[in-house]
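The values are calculated or read from the model by the stated rules, or taken from the named source; none is laboratory data. Owing to the predicted nature of the structure, the values given are computational and were not obtained by experimental measurement. Reconstructed Cβ throughout: ideal geometry from the backbone, glycine too, with neighbour counts over all protein chains shown. For the accessible areas, the whole protein counts, side chains as well, though only heavy atoms, and no ligand, DNA or RNA atoms are used. Shrake-Rupley method; radii C 1.70, N 1.55, O 1.52, S 1.80 Å.
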Amino acid sequence: EAQVTQNPRYLITVTGKKLTVTCSQNMNHEYMSWYRQDPGLGLRQIYYSMNVEVTDKGDVPEGYKVSRKEKRNFPLILESPSPNQTSLYFCASSLGLAGSIYEQYFGPGTRLTVT
Amino acid sequence: AQKVTQAQTEISVVEKEDVTLDCVYETRDTTYYLFWYKQPPSGELVFLIRRNSFDEQNEISGRYSWNFQKSTSSFNFTITASQVVDSAVYFCALSEAGRDDKIIFGKGTRLHILP
């Protein structure tokens, strides 16, 4: 089954404790991205990647890092999480560019709480 | 600049009523794509439709229909004979051809279908 998986689905952590949210897709997609969803703000892009070793900042990259060492994986790293990073996070992948005919497939979401 | 406006933050209707969710977008591109996503209470994002800027035909899928009007930069979504299962947050989104980075989401409309 074609899918995007994220782990963990739920995480409660404390300020400053480094964490990684994994994202993996089994569709051989080149394009992957991370979004955060906050009440009243919709989804905002954090980082995106157009291929292995190619990543770039989205609208809200501060406090996040990403890496794309393999095509299927695109982990989101919070080196020193803060309470304002409490949010619902979505990973997405697509065969081609966002501005194209290709549909973006979203993962199930990771609800992160930073206390 | 790209922008998607969903002016209705929250809507409540009684089951079996029709309801229209508004979406107004801004873009300077002539080639772009519009999307609607559904986010049920379980949290995942469900793709509903993609429309490119050259196809202004209205689309109907069961009880769902979409009205795309370039003259007013709108892409409205109507649910006919609403059901409780339609209760969700609905997002309208925009991507521009040639922009390889992201989809811009509106802030979403929370729809409550009352039994």
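Tell me which of these A:Ser24 doesn't satisfy, since it passes every other one: (1) away from chain B (no Cβ under 11 Å); (2) touching a residue at least 60 places away in the same chain (Cβ under 8 Å).
(2)
Report, by residue number, each residue of region A:56-74 that is open to solvent by less than 60 Å² (accessible area, probe 1.4 Å), assigned to a strand (DSSP E or B) and either within 14 Å of chain B (Cβ to nearest Cβ) or touching a helix residue (DSSP H, G or I) at 6+ places or on another chain (Cβ under 9 Å) (or both).
A:Val66
Got at least one residue in region A:18-25 being in a strand (DSSP E or B), of a type in the set (A, V, I, L, M, F, W, C) and open to solvent by less than 10 Å² (accessible area, probe 1.4 Å)? Spell out the reasoning first.
First pass over region A:18-25, keeping only residues in a strand (DSSP E or B): A:19-25.
Next, from what is left, pick out any that are of a type in the set (A, V, I, L, M, F, W, C): A:19, A:21, A:23.
Pick out the ones that are also open to solvent by less than 10 Å² (accessible area, probe 1.4 Å) and you get A:21, A:23.
There is at least one residue in region A:18-25 that is in a strand (DSSP E or B), of a type in the set (A, V, I, L, M, F, W, C) and open to solvent by less than 10 Å² (accessible area, probe 1.4 Å).
Could you look through region A:30-49, keep only residues that are more than 30 Å from B:Gln8 (Cβ to Cβ), touching a residue at least 40 places away in the same chain (Cβ under 8 Å) and open to solvent by less than 10 Å² (accessible area, probe 1.4 Å), and pick out the one that is farthest from the other protein chains (Cβ to nearest Cβ)? Give the derivation first.
Residues of region A:30-49 that are more than 30 Å from B:Gln8 (Cβ to Cβ), as a first pass: A:30-32, A:47, A:49.
This time we only want the ones that are touching a residue at least 40 places away in the same chain (Cβ under 8 Å), so: A:30-32.
Then keep just the ones that are open to solvent by less than 10 Å² (accessible area, probe 1.4 Å); that gives A:31-32.
Numbers: A:Tyr31: 8, A:Met32: 12 Å.
So the residue we want is A:Met32.
Kindly indicate the residue of region B:1-44 that is open to solvent by less than 20 Å² (accessible area, probe 1.4 Å) and in a loop (DSSP other than H, G, I, E, B) and also nearest to the other protein chains (Cβ to nearest Cβ) among those meeting that condition. Even if it seems obvious, please write down each step before you answer.
Kept after step one, since they are open to solvent by less than 20 Å² (accessible area, probe 1.4 Å), are these residues of region B:1-44: B:4, B:6, B:13, B:19, B:21, B:23, B:25, B:32, B:34-37, B:39, B:43.
Those left that are additionally in a loop (DSSP other than H, G, I, E, B): B:6, B:23, B:43.
Numbers: B:Gln6: 8, B:Cys23: 12, B:Gly43: 5 Å.
The residue in question is B:Gly43.
Please work out which residue is farthest from the other protein chains (Cβ to nearest Cβ), limiting yourself to region B:67-111 and to residues that are of a type in the set (A, V, I, L, M, F, W, C) and part of a helix (DSSP H, G or I). Lay out the reasoning, then the answer.
Within region B:67-111, the first condition is being of a type in the set (A, V, I, L, M, F, W, C), and the residues that meet it are B:68, B:75, B:77, B:79, B:81, B:84-85, B:88-89, B:91-94, B:97, B:103-105, B:111.
Those left that are additionally part of a helix (DSSP H, G or I): B:84-85.
Details: B:Val84: 22, B:Val85: 19 Å.
The extreme case among them is B:Val84.
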